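The structure under discussion appears below in the form of structure tokens.
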Amino acid sequence: MNARRSPHKVSRTLIWLLLGLAALIWIPANLIARAGPSQQNAAKPGQEGTEQPSSLPQAAPPGVKAASEAYLNVQVLSDIPADQLIASMRYITFALGVRCDYCHSSDHFESDEKPTKKRARGMMKMMFAIDNQYFGGHRAVTCYTCHRGAAQAASMPTLSDVVPAAGQSDGNTAEPPAASAPSSAPSAHVMSATANPLPSAEEIIEQYTRALGGESAINKIKTHVDKGTLEVPARRMHSMVEIVREAPNKIVTIVHGPRGDSSQGYNGQIGWQERGGEVEELSGDDLMRAKEAATFNPGMNLKQNYQSLEVKGIEKLPGHDAYVVSAARTTGSPDRYYFDARAGLLLRIATQIESALGAIPQNTDYEDYREVSGVKVPFLIRVIRPDSETIYKWEQIQANVPVEESRFDKPAEKPKEEPAQKH
């Protein structure tokens, strides 16, 4: 199906620039693929005529652009919100261990030239049908269930899967009775709970606030201008990036890529993104993430952003013991925040980014804290996904510098150039 409203022709470079931008400003949140009757809904045998839950993605609500309106030739996922399409395609690359050009023709993503693209559509339909018919409409079978990072799903076990390694039990050897079996060491969080009582989530956040520089110093920061580099070593990608924030809730992020700039912003009322001269307003999950990204210090507003907080224990990160705070919303998987048990600073945010096809795990690590105007700020941020690592190195971070309000406003769309007439 061809798009009806200014559909995008997506290039591979543009996709990676947008993913690099999203990796930094997307604060953990969840896109939940809920049941809905908007797409092909497979009824169970004997239950025709009754509305059944569906594992298929939820259709875009009224007023939100659907994928088929934003991109060319979207078929199986045509009704999902446009901002979920790239995440869904990214999930396929993880699940199959491939890149975009496995299914798509470079710089002509709408083309059906490659048989693998047609095959992928059929596999998605099969996956939805299995979940609907055998799992009550809940997402149980995904691309990763069978593929496990390989383009060709294995049809038989390998010897390494079934032959025990030297020194391991083959399953036919009797184990010693429980009373005589050696006791195993307790896990890190069990040790922490038995040796010393764990602090509450509120106490951990208070320690984090003091470690940053204290509430008074934090509240004095009104603007933040960060400039540095964005690198994706696995893709040999290197770009300059700039983030400008203004308290309490304004942000603009600009990635200076080899084919031009890509930007995204929120002015306190409207979220927007610009790419290739085209400008569109953000909605749904993209808008929520843009709002939350305007926060100067991630992890400061957990009580406001989540329904419940629970301290799970202490886990070891490289060089640190970290308190783990599980932060849950009303739906979706909880996010996990890791705070240095000694220094108090935020070390990691672990989350799952939901797509229409499955969840993508992501860790964001914060390193190299330095003081800027009395408040500690991480100068190195690593965003780690199954297939790659995105590294942000800030070369300069300035606080309380003058910023023009117009920087946060939605830019005017550039007029399209008329094609040159042939003579």
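The values are calculated or read from the model by the stated rules, or taken from the named source; none is laboratory data. Quick caveat, the model's predicted, so the values are computed rather than measured. Every residue, glycine among them, receives a Cβ derived from its backbone with ideal geometry; neighbour counts consider all protein chains shown.
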- For segment 71-101, which residues satisfy the criterion of being under 17 Å from Leu287 (Cα atoms) and surrounded by fewer than 21 Cβ atoms within 10 Å (Cβ to Cβ)? Ile86
- Note on the structure: (1) surrounded by 14 or more Cβ atoms within 10 Å (Cβ to Cβ); (2) in a helix (DSSP H, G or I); (3) in contact with an Asp or Glu (Cβ under 9 Å, 6 or more places away or on another chain); (4) at pLDDT 90 or above all hold for Lys117 apart from (3)
- Task: Please tell me if Ile360 is among the aliphatic types (A, V, I, L, M) and at pLDDT 95 or above.
- Result: no
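Quick check: is even one residue across segment 313-328 at pLDDT below 90 and within 28 Å of Lys250 (Cβ to Cβ)? Let's see the steps before the verdict.
At the first step, the residues of segment 313-328 found to be at pLDDT below 90 are none.
No, that holds for no residue.
From the list Ala350, Ala356, pick out the single residue that is in a loop (DSSP other than H, G, I, E, B), of a type in the set (A, V, I, L, M) and assigned by TED's automatic domain parsing to the domain that holds Phe379.
Details: Ala350 fails: in a loop (DSSP other than H, G, I, E, B).
Residue meeting the stated conditions: Ala356.
Filter segment 197-242 down to the residues that are among the β-branched types (Val, Ile, Thr) and closer than 22 Å to Ser388 by Cα, then identify the one that is surrounded by the most Cβ atoms within 10 Å (Cβ to Cβ).
Our first condition is that a residue be among the β-branched types (Val, Ile, Thr); within segment 197-242, this holds for 204-205, 209, 218, 221, 223, 225, 229, 232, 241.
Adding the requirement that they be closer than 22 Å to Ser388 by Cα leaves 229, 232, 241.
Values: Thr229: 14, Val232: 20, Val241: 23.
The residue in question is Val241.
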- Checked pairs for segment 105-119, first in the same structural domain as Ile92 (by TED's automatic domain parsing) and within 14 Å of Met89 (Cα to Cα), second among the aromatic types (Phe, Trp, Tyr) and not in a loop (DSSP other than H, G, I, E, B), C-beta under 8 Å and 6 or more apart or across chains, list as Phe109/Tyr71; Glu110/Tyr71; Thr116/Tyr102
- Message: I'd like to verify a number: residues in segment 385-414 that are loosely packed, with under 12 Cβ neighbours inside 10 Å and assigned to a strand (DSSP E or B), how many?
- Response: 2
- Note on the structure: The residue that is modelled with the lowest pLDDT, considering only those in segment 296-306 that are touching a strand residue (DSSP E or B) at 6+ places or on another chain (Cβ under 7 Å) and in a loop (DSSP other than H, G, I, E, B), is Phe296
- Message: Against the definition (out of contact with any strand residue (DSSP E or B) (no Cβ under 6 Å at 6 or more places or on another chain), closer than 22 Å to Val377 by Cβ and either of a type in the set (Ser, Thr, Tyr) or not in a strand (DSSP E or B) (or both)), how does Ala343 come out, yes or no?
- Response: yes
